[in-house]
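In what follows, a structure is listed as structure tokens, so that the remarks can point back to it.
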Amino acid sequence: MEKTAIIALGGNALSNKSQAGTINDQFSNTRKSLTEIIKFLKEDYNICITHGNGPQVGDELLRMDLTQNEVSPLPLGVCVAGTQGTIGYMIQQTFQNILNQEKIDKEVVTLVTQVVVDPKHPSLKNPTKFVGKRFTKQEAEKRAKNMGWIVKEQDPGEWRRVVPSPDPDFVMHGISIRTLVHAGIVVLAAGGGGIPVFVDENGNFNGIDAVIDKDLTAAKLGRVIRADEYYIVTDIDQVYLHYGTENQSPINQMTDVEAKKYQEEGHFQQGSMWPKIRSAIHFLKHHGKKVIITNIDNLQDAIDGKAGTTIVKE
């Protein structure tokens, strides 16, 4: 019996923070990531892939700042749409090549996806989403002064630009995405959390300048396609309690109730694991059977239950 999975690739699965982030680097990282994902198809999963865009949309914004005196800059919402297209192209082409090499007769398509948000969401006035490259405090403050950025410290000594990041209310084009996925087509959808839009008083859709919380979008997209399983591919091998301390301890399996308890106790950092745990709880509340959090190197073992952190409904 076929199973359906939603697979969320973090932006760093495509653009490693230890690299320069060239397009060649990104294609190489994408090739590695998708080679691991092929196991889903060999085990008869229907899959939908979504992805982050934090590094890429940050670079796009920097391009706008550096060239604004020569070319009219594009707003953040349009940059999100642009990265959804360029990253979609990169994943689509790379995965199609791998499928051809593996003699797997499937098509890969990218669906440009809008996601409705609340135009009064508090994050629009209090930006929290880290995007773009990492800087020292001095470099970050200089760019903030010269380019009007808002910057915050993400990790000790590493500062980045922050932008608004509202929660998703509704993933558009759901019937189309679900139909394609259940027909066995590999679908890339809601990249970067989706293109943020809101509905005005006339019922029309309008763009808004933000980057949507991609983890919660992935969970909602999983519900749309009626996914059984949700895989969160991030830059650590599994979830830990007391992460980054001498008391760090791995969690191999937990229930959604335990995950919520750990979250309330402050074990998960707001800018990294906290939104992933929140999205896992949301997914399990609505139809989902299990969530696995791991990195790309351990993904195939995680599918077999031998790696990563598995979260199930109590």
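List of remarks:
- Single unsatisfied condition, residue 28 versus (1) open to solvent by less than 70 Å² (accessible area, probe 1.4 Å); (2) in contact (Cβ under 8 Å) with a residue 12 or more places away in the chain; (3) assigned to a helix (DSSP H, G or I); (4) of a type outside the set (Asp, Glu): (2)
- Those residues of segment 113-136 which are open to solvent by 60 Å² or more (accessible area, probe 1.4 Å) and within 20 Å of residue 55 (Cβ to Cβ), in sequence order: 128, 133, 134, 136
- Residue ID - surrounded by the most Cβ atoms within 10 Å (Cβ to Cβ), chosen from residues in segment 149-169 that are out of contact with any helix residue (DSSP H, G or I) (no Cβ under 8 Å at 6 or more places or on another chain) and closer than 21 Å to residue 122 by Cβ: 162
- Looking across 123, 165, one residue alone is assigned to a helix (DSSP H, G or I), within 24 Å of residue 276 (Cα to Cα) and not aliphatic (A, V, I, L, M). It is 123.
- Residues that are assigned to a helix (DSSP H, G or I) and in contact with a strand residue (DSSP E or B) (Cβ under 6 Å, 6 or more places away or on another chain) within segment 45-58 comprise 54, 57, 58, listed in sequence order.
- Residue match in segment 34-44 (condition: part of a loop (DSSP other than H, G, I, E, B), modelled with pLDDT under 90 and open to solvent by 10 Å² or more (accessible area, probe 1.4 Å)): no
- Extreme residue, nearest to residue 206 (Cα to Cα), among residues of segment 56-92 that are among the charged types (D, E, K, R) and under 18 Å from the mean Cα position of the chain (by Cα): 60
- Taken over segment 1-24, the criterion of being surrounded by 15 or more Cβ atoms within 10 Å (Cβ to Cβ) and part of a helix (DSSP H, G or I) is satisfied by 11, 12, 13.
- Among the numbered conditions (1) open to solvent by less than 10 Å² (accessible area, probe 1.4 Å); (2) part of a loop (DSSP other than H, G, I, E, B), the only one that residue 203 does not meet is (1).
- Scanning segment 211-238 for residues that are among the hydrophobic types (A, V, I, L, M, F, W, C) and part of a helix (DSSP H, G or I) returns 216, 218, 219, 221, 224.
- Unique residue being open to solvent by less than 70 Å² (accessible area, probe 1.4 Å) and closer than 25 Å to residue 17 by Cβ when the list is 174, 192, 184: 192
- Boolean, residue 109 is buried (at least 19 other Cβ atoms within 10 Å of the Cβ), assigned to a strand (DSSP E or B) and either touching a strand residue (DSSP E or B) at 6+ places or on another chain (Cβ under 8 Å) or touching a residue at least 12 places away in the same chain (Cβ under 8 Å) (or both): no
The values are calculated or read from the model by the stated rules, or taken from the named source; none is laboratory data. As the structure is a computational prediction, the values presented were derived from the model and not from experiment. Glycine gets a Cβ as well: all are built from the backbone with ideal geometry, and neighbour counts include every protein chain shown. Remember, those area values only see protein heavy atoms, side chains included, never the ligands or the DNA or RNA. Shrake-Rupley method; radii C 1.70, N 1.55, O 1.52, S 1.80 Å.
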